[in-house]
Amino acid sequence: MRICFYGVGGVGGYYGTLVADYLKRTGAGETTFIARGAHQRRILDNGLLLKKDGGREEIVAIPDRCTDTVMGLPVFDIVVVAVKGYDLAGAAKAVNRITDAHTVVLPLLNGADIHARMRPYIDKGYLLSACVYLGTHIEAPGIIFQKGGSRQIAVGKDPGWPDFYPHGLLDLFTKAGIRIQFFEDVDVEIWTKFIFIAAFALVTAAYDKTIGEVAADKNLGRRVKNIMIEIARIARALAITLPGDIVETSFAKAGQFSFETKTSFQRDVETKGRQSEWDLFGGTVLRYGREHNLPVDHTKETFDLLMERL
């Protein structure tokens, strides 16, 4: 089996390390990492070090290849895409060059419309819908630090191929020690996560406040809930059945984070400005609002404030 991890930052690096380690130990296949810059150089020199569970366990992955281009690569059985939203179109175009009709493509990104964003660039193979719950980041080039999150991948079928079931992917990941669960209606999982992450991402970044500060502030907390209400309306318009108390339960998740926690989007805005996932969160909500003639005033006001900062 050939598997490629296109992007081995926090998310791709975590799962890529577990899969590469398993395949190396068992001889059951080969792993290719797509990485760039100093991160790629350190992986080539020393492998990719995963500090799992806050550093309580360390695993070093030695991929069969680590390159910064798909040029010259073979077709893969599985391609895991784990890049930032602003790199998604370019990544999808590149991935299309290493897939055939039998390839399974698994995107592990934030966002509610990742399948729709990728499918125009990938004209073959099975493009699954998925979301992931994982707290991880690049500690230094060649080093991934993981702490928090359930570490679970929620995966569903390719909407264009409803009869295809990803047996091979599920079996490989499970044997590699990865928590992965198949859902017949994975859109419920995707939008449940999106309601929380989009609302808190936009408000924390626009107002430069941590998750704890936003949740504790009466006005900002109300802003988060109003954005969640707007996203829930969009989900209903898309025939996605979410629990009736989705706003309350989603807002309550803020209590699972330490007071000083910043969203990854907020950190990206601080360091990268416009090269962040603003369109993946705010842009998505505004577009769906226009398409379905739904009010998204609270999202737009927060988004406009964010744009003034960028």
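Couple of notes before you dig in:
- Of 235, 239, 252, all but one fail to be in a helix (DSSP H, G or I), in the same structural domain as residue 301 (by TED's automatic domain parsing) and surrounded by fewer than 14 Cβ atoms within 10 Å (Cβ to Cβ); the exception is 252.
- From the list 18, 48, 44, 73, the one residue that fits, being among the aliphatic types (A, V, I, L, M) and within 24 Å of residue 157 (Cα to Cα), is 18.
- Just so you know, in segment 251-265 the residues that are of a type in the set (S, T, N, Q) and more than 19 Å from the chain's Cα centre (by Cα) include one that is farthest from residue 198 (Cα to Cα), and it is 258.
- Residues in segment 266-280 that are of a type outside the set (Gly, Ala, Ser), under 15 Å from the mean Cα position of the chain (by Cα) and either farther than 19 Å from residue 89 by Cα or not in a helix (DSSP H, G or I) (or both): 277 alone.
- Any hit, segment 131-144, residues being modelled with pLDDT of 95 or more, over 23 Å from residue 29 (Cβ atoms) and either among the aliphatic types (A, V, I, L, M) or in the same structural domain as residue 242 (by TED's automatic domain parsing) (or both): yes
- Test: residue in segment 63-78 that is part of a helix (DSSP H, G or I), touching an Asp or Glu at 6+ places or on another chain (Cβ under 9 Å) and closer than 23 Å to residue 140 by Cα: no
The values are calculated or read from the model by the stated rules, or taken from the named source; none is laboratory data. From a predicted model like this one, the values you see are computed outputs, not experimental measurements. In this analysis, Cβ positions are derived from the backbone assuming ideal geometry, glycine residues included, and neighbour counts consider all displayed protein chains.
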